[in-house]
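**Q** After the structure tokens below, expect a handful of questions from me.
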Amino acid sequence: MMPRRLAKELRECLADDDILALDNGLYKVWLARNYPARRPNTILLDNALATMAAWYPSAMEAKRLNPDKNVVCVTGDGGLVMNLWDLETAVRMNLDLVIVILNNSSYGMIKWKQQWGWFDDYGLDFGEMDFVKLAESFWASGYKVIKKEDFKSTLQSAMKQKWVQIIDLDFDYPEDGKIC
């Protein structure tokens, strides 16, 4: 899955007043530029210090304040594990959130910035993680999207559930390094 397709498919699945919460990563730039918000306060992103795991508190509070709306969170694999215990909080609070993990087995934005700044790559790759089992260990539901063509139907199905849903989606950044 590439960033522009992700933005398009999220927009097609979310109603105009549903809420998209973005964590911090390079994908946030593409989604912020390519996901058209149709109502105020329907796309939440932290643009201050770009703190990883910022999506947790914003998404959980958005859902608590808007129980009738779908809330979909997008985070990277690094952002999810950065503050993993908030996943337990979402489950304990019985929030029906959908969390889309963009899985590239690395701290992708840091890696991208180092690559384009001619720095050596050091300690930024992860081993393969099983986010479905991780979700289940927190009593959430998990899905692994193998083919990008299955993402949209998986997201639509997850949004119908009334529980914490995690979608593990293989993701990659464009090789040309352009942010557009």
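The values are calculated or read from the model by the stated rules, or taken from the named source; none is laboratory data. Keep in mind the model is a prediction, meaning the values are calculated, not measured. Every residue, glycine as well, gets a Cβ built from its backbone with ideal geometry; the counts of neighbours run over all protein chains shown.
**Q** Test residue 53 against the criterion of being surrounded by 18 or more Cβ atoms within 10 Å (Cβ to Cβ) and in a helix (DSSP H, G or I), and give yes or no.
**A** Details: surrounded by 18 or more Cβ atoms within 10 Å (Cβ to Cβ): yes; in a helix (DSSP H, G or I): no.
The answer is no for residue 53.
**Q** When residues of region 85-137 are filtered for being basic (Lys, Arg) and closer than 13 Å to residue 166 by Cα, how many remain?
**A** Of the residues in region 85-137, 1 are basic (Lys, Arg) and closer than 13 Å to residue 166 by Cα.
**Q** When only residues in region 59-72 that are touching a strand residue (DSSP E or B) at 6+ places or on another chain (Cβ under 8 Å) and part of a helix (DSSP H, G or I) count, which is surrounded by the most Cβ atoms within 10 Å (Cβ to Cβ)?
**A** It comes out as 59.
**Q** Within region 134-152, how many residues are among the polar types (S, T, N, Q) and within 13 Å of residue 100 (Cα to Cα)?
**A** Result for region 134-152: 1.
**Q** Could we say that residue 123 is outside any strand (DSSP E or B), of a type in the set (Gly, Ala, Ser), at pLDDT below 95 and crowded, with 22+ Cβ neighbours inside 10 Å here?
**A** Spelling it out, it is not the case that residue 123 is outside any strand (DSSP E or B), of a type in the set (Gly, Ala, Ser), at pLDDT below 95 and crowded, with 22+ Cβ neighbours inside 10 Å.
**Q** Which of the residues belonging to region 126-148 are acidic (Asp, Glu) and either in contact (Cβ under 8 Å) with a residue 12 or more places away in the chain or not in a helix (DSSP H, G or I) (or both)?
**A** Passing the criteria: 128, 130.
**Q** Only one of 11, 5, 39 is at pLDDT below 95 and among the charged types (D, E, K, R). Can you tell me which?
**A** 5
**Q** Here is a further query. Among the residues that make up region 89-98, is at least one of them basic (Lys, Arg) and part of a loop (DSSP other than H, G, I, E, B)?
**A** no
Residue-by-condition table, conditions (1) crowded, with 19+ Cβ neighbours inside 10 Å; (2) under 28 Å from residue 113 (Cα atoms); (3) without any contact (Cβ under 8 Å) to a residue 60 or more places away in the chain; (4) of a type in the set (Lys, Arg):
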position	(1), (2), (3), (4)
24	yes, yes, no, no
28	yes, yes, yes, yes
32	no, yes, yes, no
57	no, yes, yes, no
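**Q** Answer yes or no as to whether residue 46 is over 20 Å from residue 152 (Cα atoms), at pLDDT below 95, among the charged types (D, E, K, R) and touching a Leu at 6+ places or on another chain (Cβ under 9 Å).
**A** yes
**Q** Do we have residue 100 as at pLDDT 75 or above and over 21 Å from residue 15 (Cα atoms) here?
**A** Judged against the criteria, residue 100 is not a match.
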